[in-house]
Amino acid sequence: YLHVISSAERGDPMGELGRESIETSMLKQYTRLSLEGVHETALQDAELIMRLHGEDAPPAAVFRLAEAHRARSEQLLEDVPQTADGLPDFSRIDPITMEEARSHSYQAAQLYRRHARQVALTDTDSSATSLWLAADGYDRAGEDIEARKAFAEYVQTRPDDPRAIEARYRLARVNQARGEYLAAVELFEKILDLEPTSVWAYRSYVPLSQCLMLSGTDHAVERAESKLLDVLEGGLFEPDAIEFKAAL
């Protein structure tokens, strides 16, 4: 495959095989490898399919390569414990593996964003899914500026989507990490107002209290204490829950 594609990139004819038959064969191999969990090799096939199309790769090829990068990142992190937010705890992984996983997450995010734009006018649901996956990928890669842009775009364009509440939470956490505490407080409080019994509302109590205490606003400490007491006395979590321990 690589020899044929390299020849095509030089302008040589593909001969009897043809672009379509080459892509069909490679796609079958990619699908088989993905199902078998051989994600590193499947990624190489997805990259070759992209090369086969050159600069004008169709949305399906772009999305496939994004999937391959995401799958490889998840494979690298499959044994890593997660934080309360459901993200990998990067403090529990060696730096080399961490950087490789983050690199794949970032590349996946870039490709998902590209796909979202490609199909924005023809398939709004697929575009929204790719935008969400782009935001998630940037967040997992530690690219907080790009994650904030993508999550904010998702909230603005899909306010009634079931994932919008999680997008608000993830956006609030990004703002918190960047030290933008007032913006984070506003988002956490919006979550508690919109869906007070959701898992994302329950997860918001402790980070909201942290942001309040760091915001420097009037009565911030009292408001933070009230939220923490809601966790400890309100029966929201069992005593062995991560959120309960954090509140305590």
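The values are calculated or read from the model by the stated rules, or taken from the named source; none is laboratory data. These numbers come from a predicted model, not from an experiment. Every residue, glycine as well, gets a Cβ built from its backbone with ideal geometry; the counts of neighbours run over all protein chains shown. Calculation scope for accessible area: heavy atoms of the full protein, side chains included, ligands and nucleic acids excluded. Shrake-Rupley method; radii C 1.70, N 1.55, O 1.52, S 1.80 Å.
Per residue, what accessible area does segment 109-248 have, given a 1.4 Å probe and all protein chains present, in Å²?
It amounts to 52 Å² per residue over segment 109-248.
If you count only protein heavy atoms and use a 1.4 Å probe, how large is the accessible surface of PHE90, to the nearest 10 Å²?
Approximately 40 Å² of PHE90 is accessible to the 1.4 Å probe.
Work out how far the C-alpha atoms of segment 157-248 reach from end to end along every principal axis, then list the three figures in whole Å, largest first.
37, 30, 20
Any idea what % of Cα-Cα pairs in segment 102-207 are farther than 17 Å?
Here the long-distance tail beyond 17 Å is 51 percent of all Cα pairs in segment 102-207.
Under the rule of -39500 (n - 2.57) per DSSP H run of 4 or more residues, summed and divided by the residues of the chain, what mean residue ellipticity at 222 nm is obtained, to the nearest 500 deg cm²/dmol?
-24000 deg cm²/dmol
What figure in square angstrom, to the nearest 10, would you give for the accessible area of VAL119 with a 1.4 Å probe?
10 Å²
If you compute log10 I(q)/I(0) by the Debye sum over Cα atoms at q = 0.09, 0.11, 0.13 Å⁻¹ for the structure shown, which of (i) -0.50, -0.69, -0.88; (ii) -0.51, -0.75, -1.00; (iii) -0.58, -0.72, -0.86 do you land on?
Structure-derived value, by its label: (i).
Just tell me which aspartates and glutamates come within less than 20 Å, Cα to Cα, of LYS245; anything on the same chain fewer than 8 places away is out.
Once the sequence-local aspartates and glutamates are set aside, what remains near LYS245 is ASP85, ASP89, GLU222, GLU225, ASP230, GLU233.
In angstroms, what radius of gyration and Dmax does segment 60-116 have, counting Cα atoms only?
According to the Cα coordinates of segment 60-116, Rg and Dmax are 12.0, 35 Å.
How big is the charge dipole of segment 134-248 about its Cα centre, in debye rounded to the nearest 20, if each Lys and Arg gets +1 on its Cβ and each Asp and Glu gets -1 on its Cβ?
260 debye
If the reach is capped at under 15 angstrom between alpha carbons, list the aspartates and glutamates near LYS227, excluding any in the same chain fewer than eight residues apart.
The reachable aspartates and glutamates, counting only those whose Cα sits under 15 Å from LYS227, are GLU186, GLU189, ASP193, GLU243.
Which percent of the accessible area of segment 94-248 is formed by carbon and sulfur heavy atoms (probe 1.4 angstrom)?
Using a 1.4 Å probe with all protein chains present, segment 94-248 comes out at 50 percent carbon and sulfur.
Determine, for each peptide in 217-224, 102-109, the mean count of other beta carbons within 10 angstrom over its residues, then list the peptides with the highest first.
Result, highest mean first: 102-109, 217-224.
Ordering ASP139, ASP45, ASP144 from largest to smallest accessible area (1.4 angstrom probe), what's the sequence?
ASP144, ASP139, ASP45
In percent, what relative contact order does segment 59-174 have, based on Cα pairs under 8 Å that are 6 or more apart in sequence? Could you put the intermediate results ahead of the total?
Working: 139 pairs, mean separation 25.3, N = 116.
That works out to 22 percent.
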